[in-house]
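In what follows, a structure is listed as structure tokens, so that the remarks can point back to it.
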Amino acid sequence: MMLETGQRPNVGRKAPQYAVIWTMVLGMWGNSANAISFLSFDARSLSMAGTGVVTARSHNASLFNPALLINHDPKRLSRLHAHTYIGARLLDRDNFLQAADEFSDRYEGVDLEELIMSSVVLDTPDFESGAELREATTSIRNVQRDINHLSDKPLRVSASYGASFGYPAGQWAIGGYHRQFLVMGSMVRVSERDNASIDRVTNTVDRFADLLDEVMATEAMAENSESLTLEQAVAQVQRLWDAVRALNEYVDFDALYDDAVADQTSGKGVQDYLREPLPQEFYSTIESRGAEVTEQALSVARSFLIDRRDRLHFGITLKQVHFTTIHFEQPVNEFELDVYSEEVHRREYTRFNMDAGLVHDLPGPWQWGVVVRNLVPHDFTTALGDRIRQRPVARVGLGFRTEPFRISVDWDLTRNEPLGFDPDKQYLSVGTEWFLWRNTALRAGLRHNVVDAETLPSVGLGLGGRRAHLDIGAAKSTNGDEWGLALQAGLSF
């Protein structure tokens with residue numbers, strides 16, 4: 001591919017009235033919160049903070065803004081461009097993936113009752129002091145710690161690959177693309193039932209340890225009865241009785257006494273007289289939700305001459321969307337993200353949709369544009385009954401370009417609800433590109449989410465000549481919890 005340039009005389013022009021009206025209408029969507037956010041896996045766009053409303057090249061204009069299918073370089077008005085790409089993004093706050101994997105490995109196939117009974121048996125002859133009995137509950141307390149240390153912030157993984165083309169020819173242009181992307185998010189649902197069950201067990205053990213301490217103190221006092229005063233004996237009996245009463249909250253001594261009188265305690269342990277049975281399983285879960293989307297699209301664009309130096313470009317994309325929702329929930333000790341491909345967790349839909357875009361060449365090196373994706377709203381239902389709402393999303397862009405340098409600024413007019421469990425998005429993105437030679441360029445960008453104030457810097461490199469190019473882009477958030485990487489290659493004919 002070649003560098004696209006287009007300097008124009010600095011003559012002021014009034015924007016077409018219908019373009020201004022369209023922008024005002026789109027601005028009314030600013031508070032919309034039920035849409036799927038813009039996803040960018042194109043290496044050039046990723047390295048420029050996801051911008052592309054006025055800076056995407058004709059080979060991928062069908063995806064970013066179909067109006068850009070019109071090539072602004074008169075030397076390339078009849079050249080076919082094609083490229084392929086692959087990319088991935090990972091948003092992993094608080095090392096969710098590592099923590100979940102470690103928990104699953106540590107407790108896989110283990111139920112809580114087995115873990116508790118293997119840690120401590122409430123039988124006083126096995127322990128010489130209450131302290132020993134309390135220490136025996138360490139593994140139980142570790143389970144509770146591990147559950148509560150699982151992050152409540154979501155994991156979000158996305159990946160995509162695809163191919164696209166553009167063919168500009170004078171005032172008309174056509175293009176299209178095929179792409180497939182997967183977005184998955186996971187979040188821990190810590191059950192208070194797990195915490196309550198473990199608290200009940202550890203409290204029972206603590207009360208048993210208290211009773212054991214008082215029993216041993218009473219025995220020691222009886223062995224030294226010569227120096228024992230009546231006041232000391234009464235105080236010790238009171239402490240022993242208080243320990244029994246405290247344990248009676250968790251152990252049914254009346255049932256134990258009845259069985260003892262009837263000589264029916266053979267083969268039974270203290271656990272058989274607990275007022276509430278030992279917990280048998282984990283109730284905390286990890287919920288995973290997302291979608292796998294395949295799109296095939298065809299686009300057409302037309303350039304309109306407003307006057308001698310004022311052009312307006314309009315494009316439309318028609319696309320078939322195969323949308324597969326993915327939704328499942330697993331116990332925390334059985335977490336496996338790769339089960340997303342199992343049919344029981346998926347619901348498939350095929351829908352028609354369309355995008356539309358506009359680009360206006362301003363005087364000099366400036367351009368502005370707007371694009372709206374998914375003009376036809378759809379609702380999709382997941383396997384667990386949740387609803388994913390696909391609504392129109394709009395973005396406006398402003399671009400400045402000279403022969404070696406360009407700057408692009410994109411702003412989301414809609415507040416977008418991403419797939420998975422990620423917070424809402426509304427991006428302000430700034431990208432820069434400096435061409436060293438033909439398609440060899442250095443790129444950088446900064447993307448800011450105005451909803452949660454997260455910032456994502458990005459960098460990239462393009463290598464290429466007149467007929468081919470290879471691009472790579474990388475991004476890493478300022479707090480280190482979001483990563484992105486993309487690679488693409490293209491040819492022109």
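Points to keep in mind about this one:
- The residues of the stretch 403-412 that are within 17 Å of residue 40 (Cα to Cα) and touching a residue at least 24 places away in the same chain (Cβ under 8 Å), listed by number, are 408, 409, 410, 412.
- Residue satisfying all of: in the stretch 295-351; basic (Lys, Arg) and touching a Ser or Thr at 6+ places or on another chain (Cβ under 6 Å); surrounded by the most Cβ atoms within 10 Å (Cβ to Cβ) among these: 311
- Number of positions in the stretch 184-218 that are among the charged types (D, E, K, R) and closer than 30 Å to residue 237 by Cα: 7
- Looking across the stretch 153-171, the residues that are closer than 19 Å to residue 485 by Cα and aliphatic (A, V, I, L, M) come down to 155, 157, 159, 163.
- Single match in 150, 155, 90 (criterion: surrounded by 14 or more Cβ atoms within 10 Å (Cβ to Cβ), of a type outside the set (D, E, K, R), on the phi < 0 side of the Ramachandran plot and modelled with pLDDT under 80): 150
- Across the stretch 93-130, the qualifying residues are those that are open to solvent by 60 Å² or more (accessible area, probe 1.4 Å) and within 30 Å of residue 181 (Cβ to Cβ), and the one among them that is modelled with the lowest pLDDT is 94.
- In the stretch 274-286, residue nearest to residue 332 (Cα to Cα) [restricted to those that are outside any loop (DSSP other than H, G, I, E, B) and open to solvent by 20 Å² or more (accessible area, probe 1.4 Å)]: 285
- Qualifying residue in the stretch 452-471 (condition: in contact with a Pro (Cβ under 6 Å, 6 or more places away or on another chain) and surrounded by fewer than 19 Cβ atoms within 10 Å (Cβ to Cβ)): yes
- Meets criteria (over 21 Å from residue 199 (Cβ atoms) and either out of contact with any helix residue (DSSP H, G or I) (no Cβ under 7 Å at 6 or more places or on another chain) or without any contact (Cβ under 8 Å) to a residue 40 or more places away in the chain (or both)) for residue 267: yes
- Checking each residue in the stretch 446-474 for being in a loop (DSSP other than H, G, I, E, B) and among the basic types (Lys, Arg) picks out 466, 467.
- Cβ separations smaller than 9 Å between residues 6+ apart or across chains give the following pairs from the stretch 241-264 residues that are hydroxyl-bearing (Ser, Thr, Tyr) to residues that are part of a helix (DSSP H, G or I) and open to solvent by 60 Å² or more (accessible area, probe 1.4 Å): 250/207.
- Breaking point among (1) open to solvent by less than 10 Å² (accessible area, probe 1.4 Å); (2) of a type outside the set (Lys, Arg); (3) under 30 Å from residue 348 (Cβ atoms), for residue 385: (1)
- Test: residue 137 is at pLDDT 80 or above, open to solvent by less than 40 Å² (accessible area, probe 1.4 Å) and under 30 Å from residue 236 (Cβ atoms): no
- Among the residues of the stretch 472-483, those that are under 22 Å from the mean Cα position of the chain (by Cα) and either open to solvent by 80 Å² or more (accessible area, probe 1.4 Å) or modelled with pLDDT of 90 or more (or both) comprise 473, 474, 475, 476, 478, 479, 483.
The values are calculated or read from the model by the stated rules, or taken from the named source; none is laboratory data. Please read these numbers as outputs of a predicted model, since none were measured by experiment. Positions of Cβ are generated from backbone atoms using ideal geometry, with glycine treated the same way; all protein chains shown enter the neighbour counts. What goes into the accessible areas is simple: the full protein's heavy atoms, side chains included, and nothing from ligands, DNA or RNA. Shrake-Rupley method; radii C 1.70, N 1.55, O 1.52, S 1.80 Å.
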